[in-house]
Amino acid sequence: MTRTYLALAGLAALLSGCLVVVSPPVSNFRFDSNWQRVSDGAYVFCTNRDTFMRYRFRAPDSSLIQSITETYQGFASGNTYVENRSPSRLTRDGSDLVFVDKLAFGQGAIPQGLDEGVSAQSITVTPVNPPTSRNGATTVTVTVTTISGRQYSGSYTYDTYANCP
């Protein structure tokens with residue numbers, strides 16, 4: 001019996017120097033914008049108006065996220081634009097982490113910048129009957145990398161319109 005205790009004590013001492021980091025599961029990516037097509041409820045981008053994109057995903061703690069990469073793939077142009085985001089820009093909404101940003105569509109890319117005071121609650125969805133000016137579509141793919149190097153992704157394809165009301 002004494003040998004068993006000594007063996008267990010030795011094993012505990014050996015394992016006490018090990019640190020195990022477990023990647024948190026990141027799941028349930030959801031995307032929206034402040035423009036929504038009336039006919040089918042799909043979220044769209046309006047290139048002639050202020051457009052805000054929001055994505056949210058379920059994750060236990062933003063401190064376990066190392067990086068966030070957004071990839072925009074334009075169907076009409078064929079162009080790809082990549083934007084790296086800081087996890088410090090995420091806000092908590094219940095069990096979800098949320099990112100909101102204002103899109104400014106420009107030459108050859110989707111340059112972006114966050115207005116002062118924009119937060120997870122800032123999006124007010126405006127239903128829109130799509131004008132006849134559909135000028136393409138953009139697929140946004142968000143890849144979250146945890147501190148242990150595990151990657152999780154989600155994507156959404158937004159139709160884009162040039163003449164929203």
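The values are calculated or read from the model by the stated rules, or taken from the named source; none is laboratory data. Keep in mind it's a predicted model, so treat the numbers as computed, not measured. Note that each Cβ is placed from the backbone with ideal geometry, even for glycine, and that neighbours are counted across all protein chains shown.
Does region 114-133 include one or more residues that are assigned to a strand (DSSP E or B), at pLDDT 80 or above and among the hydroxyl-bearing types (Ser, Thr, Tyr)?
no
Being of a type in the set (Val, Ile, Thr), surrounded by 15 or more Cβ atoms within 10 Å (Cβ to Cβ) and modelled with pLDDT under 75 is the requirement here; does Val140 meet it?
No: the conditions fail for Val140.
Just to verify a result, which residue in region 34-55, among those that are of a type in the set (Lys, Arg) and part of a strand (DSSP E or B), is farthest from the chain's Cα centre (by Cα)? Before you say what the answer is, go through the steps one by one.
Initial filter on region 34-55 (of a type in the set (Lys, Arg)): 37, 49, 54.
Still in the running and part of a strand (DSSP E or B): 37, 54.
Values: Arg37: 21, Arg54: 7 Å.
Going through the qualifying residues, I end up with Arg37.
Looking only at region 59-79, count how many residues are within 16 Å of Phe29 (Cβ to Cβ) and either surrounded by fewer than 14 Cβ atoms within 10 Å (Cβ to Cβ) or of a type in the set (A, V, I, L, M) (or both).
Selection size over region 59-79: 4.
Which one of these is polar (S, T, N, Q) and either assigned to a strand (DSSP E or B) or modelled with pLDDT of 85 or more (or both): Thr4, Thr69?
Among Thr4, Thr69, only Thr69 is polar (S, T, N, Q) and either assigned to a strand (DSSP E or B) or modelled with pLDDT of 85 or more (or both).
Can Thr69 be described as of a type in the set (S, T, N, Q), within 29 Å of Asn135 (Cβ to Cβ) and out of contact with any helix residue (DSSP H, G or I) (no Cβ under 8 Å at 6 or more places or on another chain)?
yes
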